[in-house]
Each structure stands twice: as C-alpha cells, then as structure tokens.
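The values are calculated or read from the model by the stated rules, or taken from the named source; none is laboratory data. Everything quoted here is computed from the prediction, not taken from an experiment. Quick reminder, even Gly has a Cβ in these numbers, built from the backbone with ideal geometry, and neighbours come from all protein chains shown. Side chains are part of the model used for accessible areas, which takes the heavy atoms of the whole protein and leaves out ligands, DNA and RNA. Shrake-Rupley method; radii C 1.70, N 1.55, O 1.52, S 1.80 Å.
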Amino acid sequence: MVILSKLLLAALLLLPSVAFGHGVDESTQSFLQQNEGLQFFPFMYIGAKHMFTGYDHLLFLFGVLFFLYRGREVLLYISMFTLGHSITLLTGVLADIQVNAYIIDAIIGFSVLYKGFDNLGGFKRFFGRQPDTRAAVLIFGLFHGFGLATKLQVFELSGDSLWLNLLAFNLGVEIGQIMALLLMLIIINAWRNSASFVKFSTITNSFLMSAGMMLIGYQLTGYFIG
C-alpha cells in the first residue's frame, strides 16, 4: 500500500499538466461540427469519455470522496454534484448562456484547491468555522456543469434534436462519472486499510491544493494572454 500511495501522489503531480490539454479530440470535433439530427449513442459516448478524461472534474471528486466513509454520504454528495452540473450543462447550452471558458475553468481549478484546503481542516484552523460542505459541492457542481457547457457551445450544435442529444451527453457524463468514482472508491477504500493512509493524507491533500493552484494559474494565463 505504500507503493500505491506513492503512485497516487505521483498521479496528482502529473494530472494538472495533462489537464492543460484537456479538451475535445479531433475526431470528436469533426463529429460535433458536422452533426445533424438525433445521435443519442454517439453523444452519450462523447459525454462518458469527456468526464472520464476530465482530470479537473476528477480531482475535485477525488477530494470529495477522500474522507467519506459511509455509502449514504457518498451517494448524497455525488447526487449534489450531479444535480449541480446537470442543471448548468443543460440550461447553459439550451439557453445559450455565454460564459468565458477560461474563467469557468479557473473556478473549477479553485474547487480543487478548495477541497484540498477543506480536507486539511483549513477553514476551522484559520477561520474558526466550517462551510456547509454539501452546499459547496452543489455550488461547485454548477460551475463544473458550465465548464462542460462551454466545451459544447464552441461547436454551435445543430438545433435539430438538440435537447435529446444534450440529454444523451449528460447521461454519458454520468456513466463516465460512475466509472471513475468506482475506480477511485476501490483505490481509496483499499488504501484506508493501510497505515500509510493517515500518514500520507496530509501530503495528498496538499498536492491536491497544488494541482488546483496550477489549474487556476494556467486558465488565468490563458484568459489574460488569449
């Protein structure tokens, strides 16, 4: 398990750099630009792939799951996150709500920083109070949904069967999220049985904060020089 903890720490170091390239691959771009009519399963596949490779989203979820021990708590927090990102993903595209992608992605980076800070007990230590963690997950879920919406809005999707295609995309996002969550839960639950979990929990969440800061810096750099 010591090896596993080191691998997790290495992954947290590498993920921000990989996330810089997180976007839409060429084949998906071509499909979205040329799509006409209902394409339920292709949109579902794109949604699943986008979430499963969306390292900024996964880092936040990793932080959310880190200290959740009960299945009921996991279900509650993931439901709050799902509700949030589903609302803004669908309304963002359907209502054509234009939001700067760099700013939204910087806020998503901030959510990663926030969760690492929260897991380290930073709010109680420095501010003497703990924010409502459920409300925070819901609010950040709203921003994560806008992040997904901005990726789709770039392609000016056809209005023909748009809401059904978006529903398929959102369903795919949930499928990708469930797959990623199951993998993370297996790793975290196995790690909790090792003495290294407590030993490396502070370091891991410190790296989570570092990843969030790197994502914020990258996105704000893109905003100011783009």
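Consider residue 199 carefully, then state whether it is of a type in the set (D, E, K, R), open to solvent by 70 Å² or more (accessible area, probe 1.4 Å) and closer than 21 Å to residue 65 by Cα. Criteria met by residue 199.
For the range 9-20, indicate whether the set of residues that are at pLDDT 80 or above, within 30 Å of residue 120 (Cβ to Cβ), in contact with a helix residue (DSSP H, G or I) (Cβ under 7 Å, 6 or more places away or on another chain) and open to solvent by 70 Å² or more (accessible area, probe 1.4 Å) is non-empty. Step through it out loud before you land on a result.
Of all residues in the range 9-20, those at pLDDT 80 or above come to none.
Within the range 9-20, not a single residue is at pLDDT 80 or above, within 30 Å of residue 120 (Cβ to Cβ), in contact with a helix residue (DSSP H, G or I) (Cβ under 7 Å, 6 or more places away or on another chain) and open to solvent by 70 Å² or more (accessible area, probe 1.4 Å).
Determine, yes or no, whether residue 161 is at pLDDT 90 or above, polar (S, T, N, Q) and surrounded by fewer than 21 Cβ atoms within 10 Å (Cβ to Cβ). So residue 161 fails the test.
Of these, 200, 123, which one is over 24 Å from residue 42 (Cα atoms), free of Cβ contacts under 8 Å to residues at least 24 places away in the same chain and of a type outside the set (Asp, Glu)? Going through 200, 123 in turn, the sole match is 123.
With modelled with pLDDT under 95, buried (at least 21 other Cβ atoms within 10 Å of the Cβ), of a type outside the set (Ser, Thr, Tyr) and over 17 Å from the mean Cα position of the chain (by Cα) as the only criterion, which of 43, 67 stands out?
Working: 67 fails: buried (at least 21 other Cβ atoms within 10 Å of the Cβ).
Sole residue among the options that is modelled with pLDDT under 95, buried (at least 21 other Cβ atoms within 10 Å of the Cβ), of a type outside the set (Ser, Thr, Tyr) and over 17 Å from the mean Cα position of the chain (by Cα): 43.
Residues are listed down the side, and each one gets a yes or a no for (1) more than 15 Å from the chain's Cα centre (by Cα); (2) open to solvent by 50 Å² or more (accessible area, probe 1.4 Å); (3) at pLDDT 95 or above; (4) basic (Lys, Arg):
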| site | (1), (2), (3), (4) |
| --- | --- |
| 27 | yes, yes, no, no |
| 30 | yes, no, no, no |
| 37 | yes, no, no, no |
| 47 | no, no, no, no |
| 53 | no, yes, no, no |
| 81 | no, no, yes, no |
| 93 | yes, no, no, no |
| 96 | yes, yes, no, no |
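Put simply, of 49, 124, 115 the only residue that is part of a helix (DSSP H, G or I) and closer than 23 Å to residue 163 by Cβ is 49. Close contacts from the range 173-186, counting a first residue that is closer than 15 Å to residue 59 by Cβ and a second that is part of a helix (DSSP H, G or I) and of a type in the set (Phe, Trp, Tyr), with Cβ to Cβ under 6 Å and a gap of 6+ residues or different chains, come to 176/52; 180/52; 184/62.
Any idea which residue in the range 185-214 is farthest from the chain's Cα centre (by Cα), counting only those that are among the small types (Gly, Ala, Ser) and part of a helix (DSSP H, G or I)?
196
Considering 127, 169, which residue is of a type in the set (A, V, I, L, M, F, W, C) and buried (at least 21 other Cβ atoms within 10 Å of the Cβ)? Exactly one of 127, 169 is of a type in the set (A, V, I, L, M, F, W, C) and buried (at least 21 other Cβ atoms within 10 Å of the Cβ), namely 169.
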